[in-house]
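See structure below.
The values are calculated or read from the model by the stated rules, or taken from the named source; none is laboratory data. These figures come from a predicted structure and were not determined experimentally. Here Cβ is always computed from backbone atoms with ideal geometry, including for glycine, and neighbour counts include all displayed protein chains.
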Ligand code: G4P
Ligand code: NA
Ligand code: NA
């Protein structure tokens, strides 16, 4: 998605440890018009998939997730993260390990908002190791619902998340795919060469 790549090139900051800082439009300040265009692009790519719910995880997935859900005219659910949890019967729980933060969170969704006949599009802001993404897919599958696929705003293609999801049989649509991050800047995957 050209508009997004341009924004990353103009405003993204490469940090030393293979991290891209995009807090001027995605992770802190948010660009509503860009989020709307992102939602429309996910909907275009998943046209005909009969999606009934959009699922993301707090907090930075909510903006692109909401714009996608608005465009589809379906609800958005954001999974909640918590460090530990007293067991309750009305929630779906999956453990998600973060390599970046070196901690495990319990990710939860209320059983009231997902059912076996749902077809779910999973949206997230970043795809790196794929731990959050696969945790969200497990939540969907726990209730017997189906995953239509993943919609990722920024994929770090040099990390294993995309391939892990593809190997598990999921469809992955990433609007910006980053081949490398260096002092010289951001290099995108050449999708015409694939
Ligand atoms: P994984 O789920 O793909 O395995 O990723 P990981 O644990 O490494 O990511 C932990 C957090 O860091 C996630 O946000 C993820 O979106 C974010 N992240 C990963 N790589 C980058 C990067 O290069 N740049 C930025 N800006 N973020 C990155 P989170 O903890 O869920 O936070 P938030 O959604 O509340 O912002
Ligand atoms: Na994030
Ligand atoms: Na996220």
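For the condition in a helix (DSSP H, G or I), over 16 Å from residue 128 (Cβ atoms) and in contact with a strand residue (DSSP E or B) (Cβ under 8 Å, 6 or more places away or on another chain), residue 34 does not qualify.
Against the list (1) touching a helix residue (DSSP H, G or I) at 6+ places or on another chain (Cβ under 8 Å); (2) surrounded by 14 or more Cβ atoms within 10 Å (Cβ to Cβ), the condition residue 158 fails is (1). Against the test of being away from ligand 2 (no atom under 16 Å from the Cβ) and under 21 Å from residue 45 (Cα atoms), the options 110, 146, 115 yield a single qualifying residue, 146. Would the range 97-115 turn up any residue that is modelled with pLDDT of 95 or more and either assigned to a loop (DSSP other than H, G, I, E, B) or on the phi > 0 side of the Ramachandran plot (or both)? The answer is yes, given that some residue of the range 97-115 is modelled with pLDDT of 95 or more and either assigned to a loop (DSSP other than H, G, I, E, B) or on the phi > 0 side of the Ramachandran plot (or both). Pairs linking a residue in the range 39-67 that is more than 16 Å from ligand 3 (Cβ to nearest atom) to a residue that is assigned to a loop (DSSP other than H, G, I, E, B), with Cβ atoms under 6 Å and 6 or more positions apart or on different chains, are 41/1; 52/74; 52/118; 53/74; 53/75; 53/118. Of all residues in the range 55-94, those satisfying the criterion of being part of a loop (DSSP other than H, G, I, E, B) and at pLDDT 95 or above are 58, 59, 60, 61, 73, 74, 75.
Taken over the range 13-27, the residue count meeting the criterion of being touching a strand residue (DSSP E or B) at 6+ places or on another chain (Cβ under 9 Å), assigned to a loop (DSSP other than H, G, I, E, B) and within 16 Å of ligand 3 (Cβ to nearest atom) is 4. The residues of the range 44-54 that are part of a helix (DSSP H, G or I) and touching a strand residue (DSSP E or B) at 6+ places or on another chain (Cβ under 9 Å) amount to a single one, 45. For the range 132-184, the tally of residues that are under 25 Å from residue 32 (Cα atoms) and outside any strand (DSSP E or B) stands at 3.
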